[in-house]
Amino acid sequence: MASFIVKQSAIKTIIFDFDGTLAKLNIDFHQMREAVRKLILSYGIDGNELRTDYVLEMISGAETILNRQSAEKAKKFISEATDAIEKIEMEAADHGELFGRTRELLNTLASREISCGIITRNCAKAVKIVFPDILSCCPVVVCRNDVKKVKPHPEHLNTALNKLGGSPRNTLMVGDHPLDIQTGRNAGTRTCGVLSGRCPKDDFIKAGADLILPQAADLLDIIK
Ligand SMILES: [Mg+2]
């Protein structure tokens with residue numbers, strides 16, 4: 001942690017996760033997983049065989065299996081799975097809100113000439129509901145619809161970095177889930193876990209985060 005403080009002046013770009021990091025959404029991931037598991041089962045696939053608890057990876061695994069049978073069947077499945085998870089995401093967005101200091105955080109970082117981007121596994125429609133003026137506060141927002149491979153695959157983070165003209169070694173990835181730390185490490189950035197979501201500090205220590213803060217807005221005390 002001390003070495004991070006010494007080197008923080010090298011941070012020129014910050015990439016944020018959205019849900020739990022900049023906004024409170026309360027997506028019911030259990031409900032989402034069950035809805036997808038049920039749909040997958042209706043296509044004759046046992047969801048437990050997919051060996052992942054992450055909904056997007058479950059969908060993608062089932063799509064691969066179905067594609068071997070029929071491209072049309074796989075396409076129909078993707079459309080139904082997308083509808084099922086978007087319904088839950090939109091419900092959460094309707095009741096979601098930005099954290100109190102999110103606009104201040106993004107605007108102040110911009111005034112300090114730190115480039116900011118947001119990457120999220122959520123859909124663009126839900127993000128827009130919670131943060132309608134997002135592009136006026138943050139120039140680059142990459143939702144799951146915008147990339148082939150979502151985080152923790154580094155393509156998601158690199159897509160945002162390329163748009164911002166940033167480089168991994170001067171970048172900090174900030175998120176409320178160990179998956180965000182893994183994403184940063186996969187892309188070669190430095191990483192910061194925030195405790196404003198559902199994950200405890202220990203999860204970020206185990207994930208190897210360079211920095212852990214109570215909330216993203218606390219970065220304003222560190223990145224000057
Ligand atoms: Mg999150």
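The values are calculated or read from the model by the stated rules, or taken from the named source; none is laboratory data. Since we're looking at a predicted model, the values are computed, not measured. Note that we place each Cβ from the backbone using ideal geometry, even for glycine, and neighbour counts take in every protein chain shown. Ligands, DNA and RNA are stripped out before the accessible areas are found, and what is left, the full protein with its side chains, is counted by its heavy atoms. Shrake-Rupley method; radii C 1.70, N 1.55, O 1.52, S 1.80 Å.
Across segment 110-150, the number of residues qualifying as within 20 Å of Glu57 (Cα to Cα), assigned to a loop (DSSP other than H, G, I, E, B) and open to solvent by less than 10 Å² (accessible area, probe 1.4 Å) comes to 4.
Taken over segment 151-177, the criterion of being within 16 Å of the ligand (Cβ to nearest atom) and buried (at least 24 other Cβ atoms within 10 Å of the Cβ) is satisfied by Lys151, His156, Leu157, Ala160, Leu172, Met173, Val174, Gly175, Asp176. In the set (1) exposed (fewer than 13 other Cβ atoms within 10 Å of the Cβ); (2) within 17 Å of Cys143 (Cα to Cα), Thr21 fails one condition alone, (1). Scanning segment 188-205 for any residue that is touching a residue at least 60 places away in the same chain (Cβ under 8 Å), among the β-branched types (Val, Ile, Thr) and under 29 Å from Ser79 (Cβ atoms) turns up nothing. Against the numbered list (1) modelled with pLDDT under 95; (2) within 16 Å of the chain's Cα centre (by Cα), His30 comes up short only at (2).
Only residues that are within 9 Å of the ligand (Cβ to nearest atom) and out of contact with any helix residue (DSSP H, G or I) (no Cβ under 7 Å at 6 or more places or on another chain) were counted in segment 11-31, giving 2. Entry remark, segment 178-199: residues being open to solvent by 70 Å² or more (accessible area, probe 1.4 Å), within 15 Å of the ligand (Cβ to nearest atom) and out of contact with any helix residue (DSSP H, G or I) (no Cβ under 7 Å at 6 or more places or on another chain) number 1 in total. Before we move on, is Asn107 without any contact (Cβ under 8 Å) to a residue 60 or more places away in the chain and either in contact with a Lys or Arg (Cβ under 9 Å, 6 or more places away or on another chain) or part of a helix (DSSP H, G or I) (or both)? For Asn107, the condition - without any contact (Cβ under 8 Å) to a residue 60 or more places away in the chain and either in contact with a Lys or Arg (Cβ under 9 Å, 6 or more places away or on another chain) or part of a helix (DSSP H, G or I) (or both) - is met.
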